[in-house]
Amino acid sequence: MKMYKRRLSSLITLTLALSVTPMQAKAAEVPSRFEFRGAGYGHGVGMSQFGAYGQALEGKSGPEIATYYYPGTTIATVDDSSFVRINIADKVATVGFSAEASTGSAQPMRIYSGDLPPELSTAEQTFVEVPIGGEVIFSALSGTMIISILDPITKQATTLPSGTIWTLRWSGTNAFPGEQNIIKMRQGSVIRRYKYGQVQIKFIPPVLPAIQGSIIATTTLRIHSEYLRGIGEVPSSWPSAALEAQVITARSFALSKASIYRKSCDCNLYSTVQDQNFVGYSKESEPIYGQKWVDAITATEPEPSKGLAITYNGKVIATYYASSTGGITQDVAEVWGTPVPYLVPVPDPWSLDPLINPTFSSWVRQVKQADMAKAFALPDVLRYEVTARTKAGGVKAVVAFSSNGKSAELTGEKFRSRLQLPSTWISRSVNRVTGESSDSIAIAVARNNFPSARSAVLVNFDKDPSGALVGMAYGNKVQLPVLNVSANDLSSQTLKELARRKISSVVLIGRTGALPSRAALAKRKLKEVRFEGRNEIELSENVFAQLSGEPIILIASERNVMLADASRIMASDRPIVWSKDYEPSSTVEALLTERNVPGVFYGDIPSYRFPSRVVITRSATSALIASTWQSPVLFADGTEIERTLEIIREFPNIAAITVMDKDLTLEPFQTLS
């Protein structure tokens, strides 16, 4: 196979052009994944729970916190003794119930035919008892509901007459006075416990083409001191003021929904975060802190059967709330379309404090191409653009473009929901990545790469950069993180990272003498696969023989030029073969002939396909390590701000600006974010 020589001058010209001019036009290749960076968790409308936590630490009271997030509202004492019906199992195939003692002794559970009004006296009602230790199982089968009582001793099942609606009551409730019992609901291996009210079981007939039908289970109980005790929205260990703010908000939300029956769920409220997370008895029975949650409820109940709620013009409001925000809450009109005077933006700086909100003050997510395409209902997604943002800075509209020329638009909230992103506060973050050694820098760069990988590639960035580039390309192809080693051993930092990832087998790639010995690996109890060579040419040939695809051919005599452009080489997502000149060795020629591919010389590789960030550094080693990100790497020379802006204009979906230098200031780049 004939290879055509390229002139070195063209390579040097290309490299210099990349450092001072805008990026080349993107190749029409779809990216394999997309990276998103942002802050906050949830829709961002109404109260920020981590904001409440932060304000409580500053000494604010529960009522002060609650009204802060709903401007123009007041706190009022209202009747909260009304019943609410909570969906605790939605359209399931089977569900089981049993009773156990909370205090005193266990008592038989009672099953009534029909949907009994809560707390209605049942003196005239017939019922069936589930014996102590027994279980009643409801199953949807062949268009009907089968009700079986399992005897605790004989394990024999007794089948009850067919019915579509049943009510369960247990000892210790208002409708069934006696020893305090708890009802357990079992779905497979998941068990939930409920202390108050009663449970209803309803059969939903099948709709063709389905033939089985399904079951809805609900619990009906009073808001006052019953439903609220099971709200599992925030940790009970939080400051009392934050808990009281949550109680007031949860009570208000429940009251606003108590008179609205939803046929689809046979309920007023779901027990999930679709409405409010209701976990039943497990909340108040938490070791140590459960009583603290109960105390917070009691603190907001100034009178019997009454509690504090948030009102606007004398009416209790629907108090939407979320975990945290991107620094300011959302205007509900920009999220769900209808303006509400008290659901408007207010500052929420506590959500961005990593000491208060360590998990979601900032976050990074990788989204696969298939998931991105599915979200937009396109065959693929070549690129996307954020076309509108809300007053609070969240994404309001996103347009995706397919390689076939079609495009599709999503609202920010649908975008978040379909891609399962924490929030719509998706930003171009400006961050710093530094380390005292190549080991720590490599760990930081690889931190979010291939988190489920069960192996890692080990290279010597310091002493063998040409071999490291071969190893990085190998890691990208087989989806393994790349970490640094010395010629003698693995550092304690690298060993700690391998342990964190639960990795016990590694792939070593480098020149002979640049990697730790087999004895050193055995001492660390690491299994290994090793690729070595006397030089980068021999090494790359050994590695290329194990990889599929068409390689990029690099010229060993001009390694410095090519190492300086490592990020663009990595962005091609191809194996790397080093060659002495433009005539590859007979070994490489044979492999290319066998695969029926010509190979791509360095001078012919395209620009970045879909970079996720811009990296700025003054270290050649840091630049090489950062090339794993497959994104532009700029050397700081006084023009880095202008060049970064040029790259952002060329690639408007750049998600991050990363400075890999402890002395370079971040402020100039923050104006570009």
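Data overview
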| quantity | calculated |
| --- | --- |
| Rounded to 5, the percent of DSSP beta bridges in the chain classed as antiparallel | 70 percent |
| Stokes-Einstein translational diffusion, the range 102-177 - Kirkwood Rh over all Cα pairs, 0.890 mPa s, 25 °C, in µm²/s | 182 µm²/s |
| Of all accessible heavy-atom area on the range 22-160, the percent that carbon and sulfur account for (1.4 Å) | 54 percent |
| Check: the range 106-208 dipole with +1 on Lys, Arg Cβ and -1 on Asp, Glu Cβ, in debye | 380 debye |
| Mean separation of Cα contacts under 8 Å, 6 or more apart, over the residue count of the chain: relative contact order % | 16 percent |
| Under 14 Å from the Ser142 label point (7 Å along Cα→beta-carbon), backbone N, the range 157-187 | 162 |
| Ordering of 145-157, 364-376 by packing [mean C-beta count within 10 Å, highest first] | 364-376, 145-157 |
| The range 523-673, accessible surface, carbon-and-sulfur percent (1.4 angstrom probe) | 47 percent |
| Average accessible area per residue (Å²) across the chain - probe 1.4 Å, nucleic acids and ligands excluded | 43 Å² |
| Tail fraction, Cα-Cα pairs, the chain, threshold 41 Å, whole percent | 46 percent |
| Rounded, prolate or oblate (a/c below 1.5 giving rounded, otherwise prolate when a/b exceeds b/c) for the range 97-136 by Cα gyration tensor | prolate |
| Surface share of carbon and sulfur [accessible, 1.4 angstrom probe, percent] for the range 307-427 | 54 percent |
| Segment Lys263-Ser240, length gained on full extension (0.36 nm per residue, minus Cα span) | 4.6 nm |
| For the chain, calculated [θ]222 nm from helices alone, where every DSSP H run of n ≥ 4 adds -39500 (n - 2.57) | -7000 deg cm²/dmol |
| Loop sites in the range 391-443: GluC sites (Glu not before Pro), DSSP, at most 16 other Cβ within 10 Å | Glu436 |
| Simple spin-label estimate for Glu594 and Lys374 in nanometres, 7 Å along Cα-Cβ | 3.7 nm |
| For the range 142-186, diffusion coefficient by Stokes-Einstein and Kirkwood Rh (Cα), 4 °C, 1.567 mPa s, µm²/s | 100 µm²/s |
| Inverse of mean 1/r across different Cα pairs in the range 261-349, Kirkwood, Å | 16.2 Å |
| Length-normalised contact order of the range 572-671 in % [C-alpha pairs under 8 Å, at least 6 apart] | 27 percent |
| Against the rule of thumb 2.2 N^0.38 Å, how large the Cα Rg of the range 437-502 comes out | 1.00 |
| Virtual spin-label span in nm between Ser505 and Thr671, 7 Å along Cα→Cβ | 5.3 nm |
| Cα→Cβ-extended label distance, 7 Å offset, between Gln212 and Arg365, nm | 3.0 nm |
| Net length gained if the chain between Arg193 and Asp604 were fully extended (0.36 nm per residue, minus Cα distance) | 141.5 nm |
| Alpha carbon Rg of the range 237-303, scaled by the compact-globule rule 2.2 N^0.38 Å | 1.23 |
| Dipole of the chain, positive direction: furthest Cα of Ala453, Tyr602, Tyr41, with charges on the beta-carbon | Tyr602 |
| Amide H partners (placed H, <5 Å) of Arg530, local residues excluded | Leu508 |
| log10 of Debye I(q)/I(0), alpha-carbon scatterers only, for the range 519-619 at 0.18 Å⁻¹ | -0.92 |
| Isotropic mean projected area of the C-alpha convex hull, the range 399-522 (nm²) | 10.4 nm² |
| Dipole magnitude of the chain about its Cα centre (Cβ charges: Lys, Arg +1; Asp, Glu -1), debye to nearest 20 | 1160 debye |
| Linear extension gain, Ser282 paired with Lys525, 0.36 nm per residue minus alpha-carbon span | 83.2 nm |
| Dipole of the chain [Lys/Arg +1, Asp/Glu -1 at C-beta], most positive-end residue of Ile211, Ile641, Ala299 | Ile211 |
| Using a Förster distance of 51 Å, the FRET efficiency for Val399-Ser105 (Cβ separation, nearest 0.05) | 0.20 |
| Tail beyond 18 Å, pair distance distribution of the range 367-459 (Cα, percent) | 59 percent |
| More than 14 angstrom apart: percent of Cα pairs within the range 70-142 | 77 percent |
| Packing-based order for 320-330, 212-222, 287-297, 522-532, using average beta carbon neighbours within 10 Å, highest first | 320-330, 212-222, 287-297, 522-532 |
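The values are calculated or read from the model by the stated rules, or taken from the named source; none is laboratory data. Since the structure is predicted, the reported quantities are computational estimates derived from the model, not experimental observations. Don't worry about glycine lacking a Cβ; one is built from the backbone with ideal geometry, like all the others, and counts go over all protein chains shown. Surface areas here come from the heavy atoms of the whole protein model, side chains and all, with no ligands, DNA or RNA. Shrake-Rupley method; radii C 1.70, N 1.55, O 1.52, S 1.80 Å.
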